[in-house]
Amino acid sequence: MKKLLVANWKMNPITVLEARQLWLASRRAAKGARNVQLVICPPAVFLQILVSGERPANLWLGAQDAAAAASGAETGGISPSMLRDVGARYLLVGHSERRALGEDDALVAAKARLALRLGLRVILCVGETKRDERGEYLKVIQAQLAAVLPKLPRAMLGHLVVAYEPVWAIGAQATESDTPAGFLEQKLFIRRVASQLIGRVGRHLPVLYGGSVDELNVADFLTAGEADGLLVGRASLSIKSWTKIIQLV
Ligand code: 13P
C-alpha cells in the first residue's frame, strides 16, 4: 500500500497567498513522489482556491472538520456535501483540538457516518491525553473506537483511516513525539480493537501516526513504527520541512 501523508494546516496560514505557496510546493514535491498519497487539509475557506488548476494524481485535498448534517439551520456550519463540492475528498474527524472544544464521541460518530455516506474518505483521530504506567490510556482509545466504528456504514469502511495522535505529543507544547515502537504497539492494539468491533476490515485498517512528526523522525515511524502514513501539523507549514518529509516518505 502507498503511504498516506496528510498535512493538517490547522488555522494556518493567514493569507490566500501563503496558502497558495504551500500548495504549490506540495504540488511540485508530489510529482516526484510515486509511493505517496498526499492529502492537504487547509482551512476550508482555501479549498476552492487551491483545487483549481492542474493537480498530480497523488495529491488530494481534505478538510479539518465538518458538520454532522448535510444542510440546514446551523449557523457557521459547513457540511460534508459542501466540502466535497469544493474539492475535498478526505475529512479529519475527531481531532483532539476539536474534542478539546467540546466535541464528544457521539458527535464524532455522527460526523464520520455522514461524511462516509456523502462520499468523503474519513480520517478518524484518536489518542489519549496522557500515558500512564498501568495502561489505562488504552481504555481511552478503545472507548473512542467503540463509540464510532460500529456506527459507520459497513459498505464504506474501506474509506476509513485511523490516525493515532497522542495529545501529549501534539503541537508546540509537546515535549516529545511517541517512539516508533510505542506507535507500533498502538497500531496493533487499534487493529485488534477494530477487528472486534467491525470484523475483518478492522484487521487491515490503515493506521497513521501524528504528533511532532518532522524530518528527523519520519523515516523511523514508517520503518520501525510500520506506520501506514503520517498526519503532520507544524512541519507541514514550512515548505522546506514539508518538501523534505515528502521526499523521505
Ligand atoms: P504537530 O505535528 O504540530 O505536533 O501536530 C500534529 C497534529 O495535530 C496533526 O493533526
Exercise. Which of (1) open to solvent by 40 Å² or more (accessible area, probe 1.4 Å); (2) closer than 20 Å to V207 by Cα does R20 not meet, given it meets every other one?
Worked result: (2)
Exercise. When you look at I245, is it within 29 Å of W23 (Cα to Cα) and either without any contact (Cβ under 8 Å) to a residue 40 or more places away in the chain or more than 15 Å from the ligand (Cβ to nearest atom) (or both), yes or no?
Worked result: no
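Conditions tested, residue by residue: (1) more than 16 Å from the ligand (Cβ to nearest atom); (2) under 28 Å from A88 (Cβ atoms); (3) not in a helix (DSSP H, G or I).
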{"residue": "L124", "(1), (2), (3)": "no, yes, yes"}
{"residue": "M156", "(1), (2), (3)": "yes, yes, no"}
{"residue": "G182", "(1), (2), (3)": "no, no, no"}
{"residue": "A194", "(1), (2), (3)": "yes, yes, no"}
For this session: Go through the range 197-232 and count every residue that is in contact with an Asp or Glu (Cβ under 9 Å, 6 or more places away or on another chain), in a loop (DSSP other than H, G, I, E, B) and either within 11 Å of the ligand (Cβ to nearest atom) or within 19 Å of V122 (Cβ to Cβ) (or both).
Result: 4
Seminar exercise, completed: Checked the range 1-28 for anything closer than 27 Å to G158 by Cβ and hydrophobic (A, V, I, L, M, F, W, C); matches are M1, L4, L5, V6, A7, W9
For this session: Collect the residues in the range 1-26 that are away from the ligand (no atom under 15 Å from the Cβ) and among the small types (G, A, S), keeping them in residue-number order.
Result: A19, A25, S26
Problem set entry | G87, sole failed condition from (1) within 30 Å of K31 (Cβ to Cβ); (2) within 16 Å of the ligand (Cβ to nearest atom); (3) not polar (S, T, N, Q) | (2)
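Condition check ((1) over 17 Å from A110 (Cα atoms); (2) of a type outside the set (S, T, Y); (3) within 20 Å of the chain's Cα centre (by Cα)) across all residues:
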position	(1), (2), (3)
A19	yes, yes, yes
L22	yes, yes, yes
G62	yes, yes, yes
A68	no, yes, yes
Y90	no, no, yes
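The values are calculated or read from the model by the stated rules, or taken from the named source; none is laboratory data. Note that the structure is predicted; figures quoted are calculated from it, not measured. Cβ: placed from backbone, ideal geometry, glycine included. Neighbour counts: every protein chain shown. Keep in mind that these areas ignore ligands, DNA and RNA; they rest on the heavy atoms of the full protein, side chains included. Shrake-Rupley method; radii C 1.70, N 1.55, O 1.52, S 1.80 Å.
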